[in-house]
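Supplied in structure tokens, the structure appears directly below.
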Amino acid sequence: MNRILIAEDEPRISDFIRKGLRSNGFTPTVVTDGVSALDHAMSGEFDLLILDIGLPMLDGFAVLERLRGSASSLPVIILTARDSVTDTVAGLEGGADDYMAKPFRFEELLARVRLRLRDVGSQEATVLTHGPVSLDLRTRRVRVGEKVMDLSAREFALLEVFLRNPEQVLSREQLLSHVWGYDFDPGSNVVDVYVRYLRRKLGAERIETLRGMGYRLTAR
Ligand code: CA
């Protein structure tokens, strides 16, 4: 339940989605036009389709219409420009399960992907653990040893990325695009600020700084 088809012709956006999904344990495949999107979607080899509306050869609405016309029940999340609300409503009536307005933060898309896959019966862990740190994805509370704490939305999103990639060096850019979105100013120091917040809650030694490379969640 983790093979995801991404139909998106803008490389910046498809890269952003592909990398994010891969680091969260999904297996993404990218196609860049509507005809390939329909072919792949009909193959039965995918569990979910992320479908851009503005695609070459066959637009997202046409893909969706043909897909539903063939009685496919593949969950579909459509990607639409923020000023195309009318289109979006049409898309939902045309058989999409959900939509995302561009630009969006990766975590927002991830939440929708998980929701749709859960609909079709996937069993996903609801607690992520590394060393003494465990994060409950439903209550959004973190436990460190015996201590249980609440997290803000961004602290939660940041810690989730760390816990899904434990003992791995994550660059500031990776964290920024995961938690804050691809349109966020790359010169921002917001990642450092939130790492500091997390260290205050988890203990400073849990998140290592690797100068010039990024940060690493560690249990050592
Ligand atoms: Ca497009």
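Residue-wise test of (1) surrounded by fewer than 16 Cβ atoms within 10 Å (Cβ to Cβ); (2) under 15 Å from H130 (Cα atoms).
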position: E155; (1), (2): no, no
position: E173; (1), (2): yes, no
position: V179; (1), (2): no, no
position: L202; (1), (2): no, yes
position: R220; (1), (2): yes, yes
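Residues of the range 167-203 being assigned to a loop (DSSP other than H, G, I, E, B) and closer than 28 Å to R12 by Cβ, which ones?
Once the filter is applied, which keeps residues that are assigned to a loop (DSSP other than H, G, I, E, B) and closer than 28 Å to R12 by Cβ, the range 167-203 yields Q168, S171, W180, G181, Y182, D183, F184, D185, P186, G187, S188, N189.
Would it be correct to say that L49 is in contact with a strand residue (DSSP E or B) (Cβ under 6 Å, 6 or more places away or on another chain) and at pLDDT 95 or above?
yes
Report, by residue number, each residue of the range 163-183 that is in contact with a Lys or Arg (Cβ under 8 Å, 6 or more places away or on another chain) and among the acidic types (D, E).
E167 - this is the single residue of the range 163-183 that is in contact with a Lys or Arg (Cβ under 8 Å, 6 or more places away or on another chain) and among the acidic types (D, E).
Could you check the range 8-28 and list, in sequence order, the residues that are among the polar types (S, T, N, Q), in contact (Cβ under 8 Å) with a residue 24 or more places away in the chain and surrounded by 17 or more Cβ atoms within 10 Å (Cβ to Cβ)?
Hit for the range 8-28 is N24, nothing else.
Results for (1) of a type in the set (S, T, Y); (2) within 16 Å of G20 (Cα to Cα), shown as yes or no for each residue.
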residue	(1), (2)
E108	no, yes
V127	no, no
T139	yes, no
M149	no, no
P166	no, yes
G181	no, yes
V191	no, no
L217	no, no
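What number of residues in the range 36-58 are open to solvent by 60 Å² or more (accessible area, probe 1.4 Å) and within 15 Å of the ligand (Cβ to nearest atom)?
Result for the range 36-58: 1.
The values are calculated or read from the model by the stated rules, or taken from the named source; none is laboratory data. Since the structure is predicted, the reported quantities are computational estimates derived from the model, not experimental observations. No Cβ is skipped: glycine too gets one built from the backbone with ideal geometry, and neighbour counts run over all protein chains shown. Accessible surface is based on the protein model in full, side chains and every heavy atom, while ligands, DNA and RNA are left aside. Shrake-Rupley method; radii C 1.70, N 1.55, O 1.52, S 1.80 Å.
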